[in-house]
Ligand code: PHE
């Protein structure tokens, strides 16, 4: 029996050296206990007088082994911690993960600049719906069904009398119906037309302006646009009005700005003319005022409408409108303020 104990001591002592985890130590301990139990079950076969001495040996053996397990547990625990530290180690010299800050889209930037400029002249912002009725988008703007001017603004119809608005001018009617003069509003927003080429897109943005009060003249329009041109482009930018036609303004004008690229000498951007067309405008047609319940003998007004993409393209030298909508960050991040 003593030999059995001796063998067990040797097995355990050598095997415990191999253990690497707390679990392995525990399993070995369980094995040891069952084998010891096995040995002790042979005690009953010993002569009575030998039993106490043997019991003492067993107890000492048990105690020694327990100390061994205890000591190994401490060692193994430390080993496990070291392993964990090594695998979870953070290399503080590694570059951090960077996240790019977002920025405003160039269209939003230009829209905000336009609002800032006109707000400085006392304009308030009004935003109309993108789905309009035929009445607000055309008829009330003195463009009845069958009017040839509708051709140029062919758009997406959602129902017989509902369409995606072709112009922010629809907002003029909505404001004049609700408010009494004096009126001074700016109406930015998306508009839709069946147009598609390098400088036209089926969806684009416009900025409408409307001023109605007693004694408003074309000079007021020219003065405000001159102020806008100087602030948006350069202090030497000049404004030129050319006669034009819109059903809802009379007289109507097309507004050109002196070319910011060549200063008016003539270059490729302005096609050699020194001028660049930027917007449509005019004195509000008396029929439009009447349609909204404003007395045209008492009040006059002017309106203008410009394409925000067009202003952005001129300001930033962008030659294809599509690049503004592709949202390639390499392109749009160049416009941060
Ligand atoms: N709504 C016109 C267009 O989209 C522009 C315009 C606005 C003209 C206001 C005159 C007055 O072409």
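What follows is calculated from the coordinates using simple rules that are stated; it is not laboratory data. Worth saying up front: this structure is predicted, and the values here are computed from it rather than measured. Positions of Cβ are generated from backbone atoms using ideal geometry, with glycine treated the same way; all protein chains shown enter the neighbour counts.
Across all directions, the average flat footprint of the convex hull enclosing the Cα atoms of the chain is 33.5 nm².
Label point of residue 79 set 7 angstrom out along Cα-Cβ; within region 22-56, amide nitrogens under 16 Å from it belong to 22-29.
Per residue, the chain reaches -12500 deg cm²/dmol at 222 nm when only DSSP H runs of four or more residues are counted, each adding -39500 (n - 2.57). Once the Cα atoms are used to define both axes, helix 218-232 deviates from the longest principal axis of the chain by about 30 degrees. Compared with the direct C-alpha span, the chain from residue 13 to residue 190 gains 55.4 nm at full extension, assuming 0.36 nm per residue. A simple spin-label model places pseudo-atoms 7 Å from Cα toward Cβ; at residue 322 and residue 92 they are separated by 5.2 nm.
Across all directions, the average flat footprint of the convex hull enclosing the Cα atoms of region 30-156 is 23.7 nm². Of the residues 234, 21, 166, which exhibits the maximal mean-square fluctuation in a Gaussian network model of the chain defined by a 10 Å Cα contact cut-off? Maximum fluctuation in the GNM of the chain, among the listed residues, is at 21. Put a dot 7 Å past the Cα of residue 330, heading toward its Cβ, do the same for residue 180, and the two dots end up 6.0 nm apart. The stretch between residue 227 and residue 24 holds 64.6 nm of extra length on full extension. This uses 0.36 nm per residue minus the Cα-Cα distance.
For region 54-113 versus region 252-275, the inter-centroid distance based on Cα atoms is 68 Å. Oblate is the label for region 1-46. Its Cα gyration tensor axes, ordered a ≥ b ≥ c, give a/c of at least 1.5 and b/c at or above a/b.
For the pair residue 218 and residue 199 in one chain, pulling the backbone fully straight at 0.36 nm per residue adds 3.9 nm over the alpha carbon distance. Footprinting exposure proxy ranking of 154, 213, fewest other C-beta atoms within 10 angstrom first, gives 154, 213.
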